[in-house]
Amino acid sequence: MLTNKDKFARRKQRVRTRLARLAETGKGRLRLSIFRSSKHMFAQIIDDTKDVTVVMASTMDKDLRKSLKTTANKDAAVAVGKLLAERAIKAGVKQVAFDRAGYLYHGRVKALAEGAREGGLEF
């Protein structure tokens, strides 16, 4: 019987395999990777060819934290997505591949993705 950790690990590996397959076919984009905890949302855009983080944003950013009522809801996730998109465009990144890292595309994960799209990122 699979535990919840095992199921999460399988989903995470499945997503990463698909992203790696895209990179092999020449559509290599930077990867928008997320992490969702019970209190915060973190997002970063990673260049896997150079193994470097280009930009990052989270609910722990001081300027963002002051404007949020709480850091653990959909509104906070949308704000993180918009902030990440703003920073990415300044860094010259327009197209990314969304790495949901095993999380289901629902709730705060979906809200972060929609916020990034509103901010100008394409994926």
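The values are calculated or read from the model by the stated rules, or taken from the named source; none is laboratory data. It should be emphasised that the depicted structure is a prediction, and the values quoted were computed from it without experimental measurement. Methodologically, a virtual Cβ is constructed for each residue, glycine included, from the backbone with ideal geometry; neighbour enumeration extends over all protein chains shown.
Summary of values
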| read-out | value |
| --- | --- |
| Any hit, the range 57-68, residues being within 13 Å of the chain's Cα centre (by Cα) and crowded, with 21+ Cβ neighbours inside 10 Å | yes |
| Per-region count, the range 80-92, residues out of contact with any Asp or Glu (no Cβ under 9 Å at 6 or more places or on another chain) and within 28 Å of R14 (Cα to Cα) | 2 |
| Tabulated pairs, the range 98-117, first hydroxyl-bearing (S, T, Y), second crowded, with 17+ Cβ neighbours inside 10 Å, C-beta under 8 angstrom, 6+ apart or interchain | Y103/I34; Y103/R36; Y103/V109; Y105/A113 |
| A76 being in contact with a helix residue (DSSP H, G or I) (Cβ under 9 Å, 6 or more places away or on another chain), in a helix (DSSP H, G or I) and touching a residue at least 24 places away in the same chain (Cβ under 8 Å) | yes |
| Residue list for the range 34-58, filter: without any contact (Cβ under 8 Å) to a residue 40 or more places away in the chain and charged (D, E, K, R) | K39, D47, D48, K50, D51 |
| Residue match in the range 83-91 (condition: modelled with pLDDT of 95 or more, small (G, A, S), closer than 11 Å to I45 by Cα and buried (at least 19 other Cβ atoms within 10 Å of the Cβ)) | yes |
| Odd one out for N4, checked against (1) touching a residue at least 12 places away in the same chain (Cβ under 8 Å); (2) under 20 Å from L104 (Cβ atoms); (3) of a type in the set (S, T, N, Q) | (1) |
| Matching residues in the range 92-113 - criterion: being surrounded by 15 or more Cβ atoms within 10 Å (Cβ to Cβ) and either in a loop (DSSP other than H, G, I, E, B) or not aliphatic (A, V, I, L, M) (or both) | V93, F98, D99, R100, A101, G102, Y103, R108, K110 |
| Subset of the range 69-82 that is buried (at least 19 other Cβ atoms within 10 Å of the Cβ) and of a type outside the set (S, T, Y) - its residue that is nearest to A23 (Cα to Cα) | G81 |
| When residues of the range 27-43 are limited to those that are surrounded by fewer than 15 Cβ atoms within 10 Å (Cβ to Cβ) and among the polar types (S, T, N, Q), the one nearest to S58 (Cα to Cα) | S37 |
